[in-house]
1. Arrange the peptides 286-295, 74-83 so that the one whose residues have, on average, the most other Cβ atoms within 10 Å appears first.
2. Which of the aspartates and glutamates could a cross-linker span from LYS391 if the Cα-Cα distance has to be under 15 Å and same-chain partners fewer than 8 positions apart are dropped?
3. Give LYS75/LYS369; LYS380/LYS416; LYS149/LYS412; LYS206/LYS264; LYS55/LYS149; LYS41/LYS165 a once-over and call out the pairs whose C-alpha atoms are over 32 Å from each other.
4. List the aspartates and glutamates whose Cα sits under 17 Å from the Cα of LYS228, skipping any in the same chain fewer than 8 residues away.
5. When ranked by the protection proxy of mean other Cβ atoms within 10 Å per residue, highest first, what sequence do the peptides 428-440, 217-229, 61-73 form?
6. So which of LYS104/LYS376; LYS104/LYS463; LYS109/LYS463; LYS125/LYS330 end up more than 31 Å apart, counting from Cα to Cα?
7. Cα convex hull of region 351-463: how many Å³ per residue?
8. Any idea which of ALA334, VAL256, SER119 is furthest toward the positive side of the dipole for the chain, if Lys and Arg beta-carbons carry +1 and Asp and Glu beta-carbons -1?
Amino acid sequence: MKKIISLIMASVMSISMTASLPSLAEGEETDNINSVDPSKKYVCTYNENEDGWEKYAFNSKGTEIYSEDSKGNSKFHKYTYYKNGNIKTIYVENYGENSIWWSKDYYNKKGYLTYSLTSDGYWQKQKYDKHGNCIFSQDNEGDGYSCNKSYTYYPNGKIKTETYKDSNDEWYKSVYDENGNEVYYEYYEDGVNRWCKYKYDSHGNKTYCEWENGYTSVYEYTYYDNGKIKTEYSKSDNGWWGRSTYDEMGNLTYTVNSNGSWTKYLYDSKGNLLYENESDGEWQKNIYDSKGNRIRYLGESDEGSYWGKYTYDSHGNEIYYKNSDGNWEKSKYAKIGSKKSLKPIASIRSISAVKKDKRTACKAIKNSKVKKLSLKSKSKNIKAFWKWNKKAMGYKVTVSKDKNFNKIVYNKNLKKNVINIDGKKIKSKKTYYIKIRTYSLYRNKKGKAVKVYSKLSKIKKIKVK
């Protein structure tokens, strides 16, 4: 399993792993969609490099609502929000060279993803406990996948145990101490139960690792008065060892290992890396402006000399970059909520993009009829379902009391391929006629959706029970 392999490699090969590895008990896998960097005040409205350009439009929250590139590709985002301001749904339409792709994500009031659906029929759903940790996940990829997780907690709210099992018969169990450090990990692989044990010092840094095969690694530290690591030494049963030193700000200043490889680092008073020198002769020097922005670097590697330079605006946003390989990039920024960031889509959407998207929509929907339409009924209810069409953006469902569709009782556009129709207009013992057609769509100059419909399916009738 990837998790245990990565843990073993980190324990054996990294001499600074324990100082930087976050605890799994902190729940990093349950990212919250509303966790926005409060320091973010500007958004990039234009970006260009040697491969082309891309421009963007944003809403008042600084969230992207439209983008277009020099190849004519465009992307639309639409958001709905709960009353508390958290995102409820995100809908995305992506217009490529020859296809249109869409996705819709649903979030709960706490900001966690609960359901996803894409235009190719893929879906995924998730459930969470009251702490925000995912306890169930399921999707329809391949033969279908599902997994269950369970947790126990300490009184302080930190995870005590975590247990995982999925539909592929893989499982693992983790145990944590009250500080959130993982002290035991067990998993099943290739018909064998495997495990790891860990110990930590009073600072929360790992001091000992042991595996079921008897393999061990040991770590030793010294500390500054401010609690930051001063030196770190690690060794393992295979004879490998490594040593690191840090300054009082926590910056790595020197590393050396049993292979004879070493690296030295030099910083300025603000903690910016000025110089890096390695035992193989490679080096790099960085130059900064008075605000701490790196404006130039130069160095030497096994491929020869290299350099790069940067330019920033008055707010510290990087607006230009160029390097010795001939790569370059330039950008424009605007303050969130300003007129430049709130430009209407029509002001940046090109006519050529509209025409391309229309051609793509018409091509996608051509000969894209609904197939395998089936009907079922029960008292005052009709259930219709049909084969999912990967080329369609949605479906138009029409139900009528007569075969000429002069007495329509239901007429709606849908994103799903199954629907239950009931209500006052559906009567028992009555016959109804149903027709369905797929639709694609494109966006006009102002970003408004324009639907393009396929030919109708065969009309089917059903007598309601």
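We did not get these values from a lab; they are worked out from the coordinates using the rules stated. These figures come from a predicted structure and were not determined experimentally. Don't worry about glycine lacking a Cβ; one is built from the backbone with ideal geometry, like all the others, and counts go over all protein chains shown.
1. Descending packing order for the listed peptides: 74-83, 286-295.
2. The qualifying aspartates and glutamates are GLU93, GLU97, ASP120, ASP357.
3. LYS149/LYS412; LYS55/LYS149; LYS41/LYS165
4. Candidates past the 8-residue exclusion: ASP201, GLU220, ASP247, GLU248.
5. Output ranking for 428-440, 217-229, 61-73: 428-440, 61-73, 217-229.
6. Beyond 31 Å between Cα atoms: LYS104/LYS463; LYS109/LYS463; LYS125/LYS330.
7. Spread over its residues, the Cα hull of region 351-463 gives 104 Å³ apiece.
8. Farthest towards the positive pole: SER119.
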